[in-house]
Amino acid sequence: QVHLVESGGGLVQAGGSLRLSCAASGSISGANAMTWYRQAPGKQRELVASITNGGSTNYADSVKGRFTISRDNAKNTVYLQMNSLKPEDTAVYYCTISIAPRVYWGQGTRVTVSS
């Protein structure tokens, strides 16, 4: 059993910052990539950023230069630092962890950016 808990979402004005956290617990031995996805109202879920066990990162073009993903393997936690937020960043943000052959999802945390 794997459990993911996201936190850090909220309401922020455009140009502001938020830091999301996702803590993993349970049977996470062998975990590899941890990834943030988001789903805006009426839109498909999209990948925001991912990070491997070794620290390699990947970002959606829309967040490059504004968002930073990081990982603390000792705490089994992944972070998403979001700067220069835009109204179009408004979405529910989900954390996932890949433990072959499965991908586990958190319950999501809502981010609302007001203009």
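Going by the structure shown, is T52 of a type in the set (S, T, Y), modelled with pLDDT of 95 or more, open to solvent by less than 60 Å² (accessible area, probe 1.4 Å) and out of contact with any Cys (no Cβ under 7 Å at 6 or more places or on another chain)? Quick ask: steps written out before the conclusion?
Details: of a type in the set (S, T, Y): yes; modelled with pLDDT of 95 or more: no; open to solvent by less than 60 Å² (accessible area, probe 1.4 Å): yes; out of contact with any Cys (no Cβ under 7 Å at 6 or more places or on another chain): yes.
When the stated conditions are applied, T52 does not pass them.
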- Query: Just one of the numbered conditions (1) crowded, with 18+ Cβ neighbours inside 10 Å; (2) without any contact (Cβ under 8 Å) to a residue 60 or more places away in the chain is not true of K64; which one?
  - Reply: (1)
- Query: For Q44, are the conditions met, namely being surrounded by fewer than 17 Cβ atoms within 10 Å (Cβ to Cβ), under 12 Å from the mean Cα position of the chain (by Cα) and modelled with pLDDT of 95 or more?
  - Reply: no
- Of (1) open to solvent by 60 Å² or more (accessible area, probe 1.4 Å); (2) touching a Pro at 6+ places or on another chain (Cβ under 9 Å), N58 fails just (2)
- Inspect segment 67-86 for any residue being modelled with pLDDT of 95 or more, crowded, with 20+ Cβ neighbours inside 10 Å and of a type in the set (G, A, S) and give the result as yes or no. no
- When both residues are 6+ apart or on different chains and their Cβ atoms are under 6 Å apart, which pairs have a first residue that lies in segment 3-30 and is of a type in the set (D, E, K, R), and a second that is surrounded by 14 or more Cβ atoms within 10 Å (Cβ to Cβ)? E6/C22; E6/C95; E6/G106; E6/T109; R19/G8; R19/Q81
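The values are calculated or read from the model by the stated rules, or taken from the named source; none is laboratory data. Because the structure is predicted, anything quoted here is derived from the model rather than measured. Because the Cβ atoms are built from the backbone with ideal geometry, glycine has one as well, and the counts that use them run over all protein chains shown. What goes into the accessible areas is simple: the full protein's heavy atoms, side chains included, and nothing from ligands, DNA or RNA. Shrake-Rupley method; radii C 1.70, N 1.55, O 1.52, S 1.80 Å.
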